[in-house]
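Novice: Quick one: the structure is below, questions incoming.
The values are calculated or read from the model by the stated rules, or taken from the named source; none is laboratory data. Everything quoted here is computed from the prediction, not taken from an experiment. Note that we place each Cβ from the backbone using ideal geometry, even for glycine, and neighbour counts take in every protein chain shown. For the accessible areas, the whole protein counts, side chains as well, though only heavy atoms, and no ligand, DNA or RNA atoms are used. Shrake-Rupley method; radii C 1.70, N 1.55, O 1.52, S 1.80 Å.
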Amino acid sequence: MARADKATAVAELKSEFEGSSAAVLTEYRGLTVAQLKQLRVALGGNANFAVAKNTLTKIAANEAGLTGLDSLLVGPTAVAFVKGDVVEAAKGLRDFAKANPLLVIKGGVLEGKTLDAAAITKLADLESREVLLAKLAGALKAKQSAAAAMFAALPTQMAQLAEALRAKRDEAGE
């Protein structure tokens with residue numbers, strides 16, 4: 001690779017690192033071009049899957065301010081730059097790795113923090129963002145409903161108590 005080409009590749013990788021919320025490093029040894037194409041389709045719009053030289057990736061990551069990736073950059077490495085939902089991208093990679101054992105998830109970086117392969121798998125096990133938001137909304141609504149029921153119970157109990165006292169006075173007065 002010519003020096004100018006390397007500088008261009010480093011600049012592109014650096015912009016990918018800076019423009020993505022997460023990056024997942026994988027080993028793709030033994031996968032065919034068709035399988036890599038299937039992986040790119042499986043990731044959809046959530047991630048951009050790119051094969052890059054380790055030395056250029058190290059330089060780009062360091063320039064982007066990411067540390068701790070050097071130990072992961074061994075062997076043939078491809079990086080999934082996640083621009084969309086990190087959980088969905090992790091699920092896509094995990095599911096593809098289950099179907100194609102030649103794809104090995106090495107680890108990655110999420111919002112500047114280095115993650116190992118187990119952490120990426122845990123991310124993939126999370127429910128989607130929409131489901132988590134729906135659960136949060138349901139929990140908040142349940143708390144509000146419980147509070148409304150409690151506030152409505154006080155006047156209701158007071159009215160029942162007043163009615164009981166009126167009934168007792170009527171009995172005593174007769």
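Novice: Within 27 Å of S128 (Cα to Cα), open to solvent by 60 Å² or more (accessible area, probe 1.4 Å), among the charged types (D, E, K, R) and out of contact with any strand residue (DSSP E or B) (no Cβ under 9 Å at 6 or more places or on another chain): which single residue out of K6, K98, K83 fits that description?
Specialist: Answer to the check: K98.
Novice: Those residues that are of a type in the set (A, V, I, L, M) and under 20 Å from the mean Cα position of the chain (by Cα), I need them from region 6-55; list them, please.
Specialist: Residues satisfying the conditions are A22, A23, V24, L25, L39, V41, A42, L43, A47, A50.
Novice: Name the residues in region 101-113 that are of a type outside the set (K, R) and either more than 11 Å from A22 (Cβ to Cβ) or open to solvent by less than 30 Å² (accessible area, probe 1.4 Å) (or both), would you?
Specialist: Passing the criteria: P101, L102, L103, V104, I105, G107, G108, V109.
Novice: Specify which of the listed residues (A162, A134, A118) is open to solvent by less than 90 Å² (accessible area, probe 1.4 Å), of a type in the set (A, V, I, L, M) and over 22 Å from the mean Cα position of the chain (by Cα).
Specialist: Result: A162 is the single residue among A162, A134, A118 that is open to solvent by less than 90 Å² (accessible area, probe 1.4 Å), of a type in the set (A, V, I, L, M) and over 22 Å from the mean Cα position of the chain (by Cα).
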